[in-house]
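The values are calculated or read from the model by the stated rules, or taken from the named source; none is laboratory data. Note that the structure is predicted; figures quoted are calculated from it, not measured. Heads up, the Cβs are rebuilt from the backbone with ideal geometry, glycines too, and the neighbour counts pull from every protein chain shown. Accessible surface areas use protein heavy atoms only, side chains included; no ligands, DNA or RNA. Shrake-Rupley method; radii C 1.70, N 1.55, O 1.52, S 1.80 Å.
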Amino acid sequence: MMPPKPSTNVPRDPAAAGVAERLHASLQQSVAGAGGFLPFVEYMQAVLYAPGLGYYVNGTHKLGQGGDFVTAPELTPMFGETLATWLAPVLRDDLDGGGTLLEFGAGSGRLAGDLIAMLRELRVPWEAYWIVEVSPDLRARQQAHLEAALTADEYARIAWLERLPSTPLRGVVLANEVLDALPVELFRWREGRVWQVGVRVAPDGALTLAERPAPAALAEPVARLQEAHGPWPEGYLSEWRPAQAAWVRGVSDCLRQGVALIVDYGFPRSAYYDPERREGTLVGYYRQQMIQDPLAHPGLMDLTASVDFTGVAEAANAVGLEVLAYAGQGEFLLGAGLPQRFEARVGSGEDARRTLQAAQAVRMLTLPGEMGERFQAMALGRDCSHLPLAGIPDRRGRL
Ligand SMILES: C[S@@+](CC[C@H](N)C(=O)[O-])C[C@H]1O[C@@H](n2cnc3c(N)ncnc32)[C@H](O)[C@@H]1O
């Protein structure tokens, strides 16, 4: 997502107010059902995924211009083209000229479309492209986009899966800006102990943040983080994502041979839990605005927190996936072939508008003050020796 300007006072869209009201009522019930305190991780699960009501499943507009945020594939086809170029040797040489691609959270379908078009141009064969998508409306958008953008034969090889494949695949797994949506526990370090942040219902019915001593399942891992990366100042607020390791295990279970590429905003653990990062990373995105109040616009606002890439690497190692590459998005894309994609797009530069647009997109993707350093790319591999790692700076030592 592009880093928008902070704002806390954005008017709610009246057309979507019904969804928000029903979700609010459902959350009040959940708080009551949980004995008056709903852990934040459960709140986040509900506001993003509650059937029919959560942000990703209620049909409100999210991606692209006019949505809540713009992602790298929405900025430019060069993002997908670069990934295709970089991954091509795996499909061609590790997988004997074939293989399946599996994309988590395919957004508008642009990444899939751009990547497949590039594979076509490179004459790299692939057998199937599977998409795991929780959002029914985004899934419909992906279908419309891909049917229009691809050949009939290519489109016929795309399938939308309800769950992860039970037979492990040989191929490539992609997740661009998906892990950040997995719900997080919110915690505070106070009086030398861990407090769990959650949601209560105020006497006037409003949802408010509250804290209680953390249960052991949260207190223990967070105390270990404090020991390793603290001392944290009094009142230090941050997040911990309990579902992350299971997600990596899920990827591992469905990858017999090949590579999984994860791109997202995040940090190595020592930077994530640096004592200076006193307010954590949790933010909302609502109509291209960054919202600091995590309880604002329930069901209408995306809620997201950074990825602990050290945690991803640890979970991968634990299940026999090798961390093959880790770098900032900017340096990763520059090493993976973005400059060549830029040249191919602008040619001799006589189309000034096209050249300017492409140059602007390259700046957004790579500059440290834009997406270049906030976003990280990590490749996890199994039995995969043809990934072109030579041009990619090796930042694994930072994990
Ligand atoms: C921020 S968007 C990124 C979309 C796309 N990858 C892109 O880069 O444009 C997050 C995507 O992940 C999907 N999503 C969210 N949570 C998910 C989950 N738990 N499993 C699979 N997809 C998920 C959303 O519906 C959406 O398509």
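At a 1.4 Å probe radius, which order do 254, 384 fall into by accessible area, largest first?
My answer, sorted largest first, is 384, 254.
With everything on Cα atoms, drop me the angle between helix 17-33 and the longest principal axis of the chain, reported from 0 to 90° to the nearest 10.
It works out to around 60 degrees.
Grab the Cα-Cα distance for residue 121 and residue 163, subtract it from 0.36 nm times how many residues apart they are, and report the gain in nm with one decimal.
Between residue 121 and residue 163, full extension yields an extra 12.1 nm.
Taking segment 54-188, how much of its Cα-Cα pair set, in percent, is spaced more than 28 angstrom apart?
17
Which value in Å is the Kirkwood Rh of the chain over different Cα pairs?
21.9
How large is ³J(HN,Hα) for each residue in segment 112-127, as worked out from phi by the Karplus curve 6.51 cos²θ - 1.76 cosθ + 1.60 (θ = phi - 60°), to whole Hz, x for Gly and Pro?
Per-residue couplings from phi come out as 4, x, 5, 5, 5, 4, 5, 4, 4, 4, 7, 6, 9, x, 8, 8 Hz.
So for segment 243-399, considering every pair of alpha-carbon atoms, how many percent are separated by more than 21 Å?
Here the long-distance tail beyond 21 Å is 56 percent of all Cα pairs in segment 243-399.
For segment 159-265, count the residues as N, evaluate 2.2 N^0.38 Å, and divide the Cα radius of gyration by that value, please.
1.41
Find the Rg to Rh ratio for segment 25-88, where Rh is the Kirkwood radius over alpha-carbon pairs and Rg uses the same atoms.
1.23
Using modelled amide H (1.01 Å from N, peptide plane; none on Pro or chain starts), what sits under 5 Å from the amide H of residue 325, excluding residues fewer than 5 places away?
Sorted by chain and number, the residues that satisfy this are 379.
Under the rule of at least 5 residues apart or a separate chain, name every residue whose amide H is placed under 5 Å from the amide H of residue 210.
198, 199, 200
At 222 nm, what helix-only mean residue ellipticity would the chain give, in deg cm²/dmol to the nearest 500, using -39500 (n - 2.57) for each DSSP H run of four or more?
-11000 deg cm²/dmol
When Rg is the radius of gyration of the Cα atoms in segment 217-318 and Rh is its Kirkwood radius, what does Rg/Rh come to?
Across segment 217-318, the Cα-based Rg/Rh ratio is 1.01.
All other residues with a Cβ under 15 Å from the Cβ of residue 139 taken together, and with Lys, Arg as +1 and Asp, Glu as -1, what is their net charge?
-1
How many percent of the accessible area of the chain is carbon or sulfur, using a 1.4 Å probe?
51
Net charge within 10 Å of residue 189 by Cβ-Cβ distance, Lys/Arg positive one each and Asp/Glu negative one each, not counting residue 189 itself?
After counting each charged neighbour, the total is +2.
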